[in-house]
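Peer 1: This is the structure I have questions about; it appears just below.
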Amino acid sequence: MASVLASLFPKLGSLGTSDHGSVVSINLFVALLCACIIIGHLLEENRWVNESITALIIGLGTGVVILLVSGGKSSHLLVFSEDLFFIYVLPPIIFNAGFQVKKKQFFVNFITIMMFGAIGTLVSCAIISLGAIQTFKKLDIEFLDIGDYLAIGAIFAATDSVCTLQVLHQDETPLLYSLVFGEGVVNDATSVVLFNAIQNFDLTSVNLSIALSFLGNFFYLFLASTLLGAGTGLLSAYIIKKLYFGRHSTDREVALMMLMAYLSYLLAELFYLSGILTVFFCGIVMSHYTWHNVTESSRVTTRHAFATLSFLAETFLFLYVGMDALDIEKWKFVSGRPGLSISVSSILMGLILLGRGAFVFLLSFLSNLMKKSSEEKITFRQQVIIWWAGLMRGAVSMALAYNKFTRGGHTQLQDNAIMITSTITIVLFSTMVFGLMTKPLISLLLPPQRQLSTVSSGANTPKSLTAPLLGCREDSEVDDLNVPDLPHPPSLRMLLTAPSHKVHRYWRKFDDAFMRPMFGGRGFAPPAPGSPTEQGP
């Protein structure tokens with residue numbers, strides 16, 4: 001632990017002797033985290049200023065105080081590092097998202113989610129990149145090449161739908177919540193994979209061969225990352241099922257689940273894959289198989305431990321983004337050209353609005369064509385909310401911008417400083433303005449009496465963490481339209497007219513016959529002394 005802390009905060013190496021300032025900084029940061037939690041709790045019923053905006057405002061206020069105390073030299077207690085973000089802070093957030101997701105809603109809407117999260121991100125990236133190329137030239141910005149423009153597209157295609165998800169209710173609007181949540185995770189993963197693919201290719205002379213190689217590398221990263229996450233989750237389920245650590249110590253069960261989840265992320269980074277996709281699908285698989293193989297006390301512990309770590313990581317990010325927004329070093333470099341920085345921020349914000357709208361309504365129309373039931377279709381009001389949810393930019397955009405335009409969180413170049421300050425401006429503006437308007441917009445478009453009638457299967461949505469991957473047997477009747485005794489349509493016609501339901505049915509049969517007997521899960525936990533199966537079905 002000491003070595004980890006020393007790597008994160010280099011000055012901690014001499015804590016015991018001379019560097020009392022590092023202890024003060026960490027204490028202040030922990031105190032600010034406590035303040036964010038307390039104030040967020042007090043504002044919970046209001047839900048106008050959610051916890052993300054609360055942490056951001058506290059971070060801004062703290063940055064102002066530090067600037068005054070330091071005489072304008074610094075605004076934050078810690079130095080931002082994309083390694084700190086990607087290696088330590090992001091994994092618990094994404095893993096908990098997969099671990100807690102309502103899997104039936106997620107996979108029933110999987111095609112739509114992938115369309116929004118993958119295809120939509122590519123469309124948004126293309127529009128932002130092309131728009132930046134056309135408009136930045138008119139501003140006499142000559143320091144960017146084609147690779148930089150594509151990287152800018154990937155940076156600002158990464159959404160942050162936290163504010164919207166904090167207002168939406170998963171039980172009241174399961175379809176809308178599933179689409180916004182699922183798209184947000186897939187979008188972040190796609191943006192990071194796309195950004196890394198752009199960094200690994202020489203795009204100064206683009207031809208057909210390079211374009212095909214780029215697309216092939218992108219899809220390889222996407223598929224390999226998903227399979228690695230699922231494989232690591234299955235391995236953890238198999239180990240715990242066969243050895244059943246709960247006979248000796250539930251601590252070992254909890255520790256193994258945490259370490260295997262983190263190992264999946266580190267393996268993805270080791271092999272230059274997408275850690276976000278890997279750890280997300282690892283969380284889904286663990287919640288379906290591994291979680292049912294442990295004792296009841298381990299289930300409660302893991303559920304709350306993962307949720308707590310995710311909550312602290314999210315609060316940490318928004319708090320730090322608020323403080324980093326006032327980093328005087330970057331603003332000094334752009335002080336000579338303030339108009340250029342404002343113009344770049346305004347253009348990018350307009351391109352974000354355009355790029356988001358370009359695919360949400362079109363892909364929603366295509367998704368509705370594949371759905372026969374009107375209750376399963378995405379209404380125009382819901383499409384507006386989905387469009388709005390993706391307008392906010394957050395920590396992923398910040399981390400990618402720092403990775404591209406800084407070295408170790410610092411920059412000595414005015415051109416790079418312009419891009420960093422523009423990113424900070426967009427993150428602050430979109431989170432504060434769009435985030436504050438999210439609650440009244442959703443209340444206007446989906447009033448309470450309408451919310452319960454605009455979803456397809458809200459009453460049958462499985463409870464979090466207790467539902468199988470694609471729904472339990474009780475929920476399977478939903479897929480059969482509550483008439484299981486009627487003969488099913490021919491397989492080919494069913495596959496063409498309702499692909500999600502057909503794939504769902506085939507997967508459930510395969511899962512019951514092969515996967516759960518081998519890897520565990522509900523009803524297949526090992527019959528060992530003190531095991532869950534000994535307590536009854």
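The values are calculated or read from the model by the stated rules, or taken from the named source; none is laboratory data. This one's a predicted model, so the numbers in the text were calculated from it and none came from an experiment. FYI the Cβ positions are ideal-geometry reconstructions off the backbone, even for glycines, and counts take in every protein chain you see. The protein model used for the area step is the full one, side chains on, heavy atoms only, and it has no ligands, DNA or RNA in it. Shrake-Rupley method; radii C 1.70, N 1.55, O 1.52, S 1.80 Å.
Peer 1: With respect to F361, determine if the residue is more than 18 Å from A157 (Cα to Cα), open to solvent by 50 Å² or more (accessible area, probe 1.4 Å) and either in contact with a Ser or Thr (Cβ under 6 Å, 6 or more places away or on another chain) or part of a helix (DSSP H, G or I) (or both).
Peer 2: Criteria not met by F361.
Peer 1: Hey, can you tell me all the residues within the stretch 406-430 that are open to solvent by 10 Å² or more (accessible area, probe 1.4 Å) and either among the charged types (D, E, K, R) or within 17 Å of the chain's Cα centre (by Cα) (or both)?
Peer 2: R407, D415, listed by residue number.
Peer 1: Further question: Looking at A154 and the list (1) over 14 Å from the mean Cα position of the chain (by Cα); (2) open to solvent by 10 Å² or more (accessible area, probe 1.4 Å), which single condition is not satisfied?
Peer 2: If we test A154 against (1) over 14 Å from the mean Cα position of the chain (by Cα); (2) open to solvent by 10 Å² or more (accessible area, probe 1.4 Å), just (2) comes out false.
Peer 1: I would also like to ask the following. Looking only at the stretch 118-128, filter to residues that are among the small types (G, A, S) and surrounded by fewer than 24 Cβ atoms within 10 Å (Cβ to Cβ); which one of those is modelled with the lowest pLDDT?
Peer 2: A118
Peer 1: Here's a follow-up. I'd like the residue in the stretch 167-195 that is of a type in the set (S, T, N, Q) and out of contact with any Leu (no Cβ under 8 Å at 6 or more places or on another chain) and, out of all such residues, is nearest to G117 (Cα to Cα).
Peer 2: Checking each candidate, the answer is N187.
Peer 1: If you don't mind, there's one more thing I want to ask. Which of the residues that make up the stretch 265-284 are closer than 19 Å to T302 by Cα and open to solvent by 20 Å² or more (accessible area, probe 1.4 Å)?
Peer 2: The one that is closer than 19 Å to T302 by Cα and open to solvent by 20 Å² or more (accessible area, probe 1.4 Å): F281.
Peer 1: Can you tell me how many residues in the stretch 371-397 are polar (S, T, N, Q), modelled with pLDDT of 90 or more and either part of a helix (DSSP H, G or I) or within 26 Å of A313 (Cα to Cα) (or both)?
Peer 2: 2
Peer 1: Additional query: Considering every residue within the stretch 253-263, establish whether at least one is at pLDDT 90 or above, of a type in the set (S, T, Y) and surrounded by fewer than 24 Cβ atoms within 10 Å (Cβ to Cβ).
Peer 2: The answer is yes; a qualifying residue exists.
Peer 1: Sticking with this one: Quick one: in the stretch 330-342, which of the residues that are open to solvent by 40 Å² or more (accessible area, probe 1.4 Å) and not basic (K, R) is farthest from L139 (Cα to Cα)?
Peer 2: That would be W331.
Peer 1: So which residues in the stretch 364-392 are of a type in the set (A, V, I, L, M, F, W, C), open to solvent by 10 Å² or more (accessible area, probe 1.4 Å) and either in contact (Cβ under 8 Å) with a residue 12 or more places away in the chain or in contact with an Asp or Glu (Cβ under 7 Å, 6 or more places away or on another chain) (or both), if there are any at all?
Peer 2: Hits for the stretch 364-392 are L366, M370, V384, W387, W388.
Peer 1: Here's a check for you: in the stretch 76-111, which residue that is of a type in the set (S, T, N, Q), at pLDDT 80 or above and farther than 25 Å from L369 by Cβ is most open to solvent (accessible area, probe 1.4 Å)?
Peer 2: Selected residue: Q100.
Peer 1: Separate question: Yes or no: the stretch 398-405 includes at least one residue that is at pLDDT 90 or above, closer than 30 Å to P91 by Cβ and within 21 Å of the chain's Cα centre (by Cα).
Peer 2: Within the stretch 398-405, not a single residue is at pLDDT 90 or above, closer than 30 Å to P91 by Cβ and within 21 Å of the chain's Cα centre (by Cα).
Peer 1: Would you mind telling me which numbered condition in (1) assigned to a helix (DSSP H, G or I); (2) within 26 Å of D511 (Cβ to Cβ); (3) not β-branched (V, I, T) L273 fails?
Peer 2: (1)
Peer 1: Output the residues belonging to the stretch 300-314 that are more than 14 Å from the chain's Cα centre (by Cα), surrounded by 19 or more Cβ atoms within 10 Å (Cβ to Cβ) and hydroxyl-bearing (S, T, Y).
Peer 2: Correct list: T302 only.
Peer 1: Next question. Looking at this structure, is F201 in contact (Cβ under 8 Å) with a residue 60 or more places away in the chain, touching a helix residue (DSSP H, G or I) at 6+ places or on another chain (Cβ under 8 Å) and not acidic (D, E)?
Peer 2: no
Peer 1: If you don't mind, another one. Taking L175 as the residue in question, decide whether it is open to solvent by 20 Å² or more (accessible area, probe 1.4 Å) and part of a helix (DSSP H, G or I).
Peer 2: no
Peer 1: I need the full set of residues from the stretch 320-329 which are touching a Leu at 6+ places or on another chain (Cβ under 6 Å) and either part of a helix (DSSP H, G or I) or open to solvent by 60 Å² or more (accessible area, probe 1.4 Å) (or both), in order please.
Peer 2: Hit for the stretch 320-329 is G322, nothing else.
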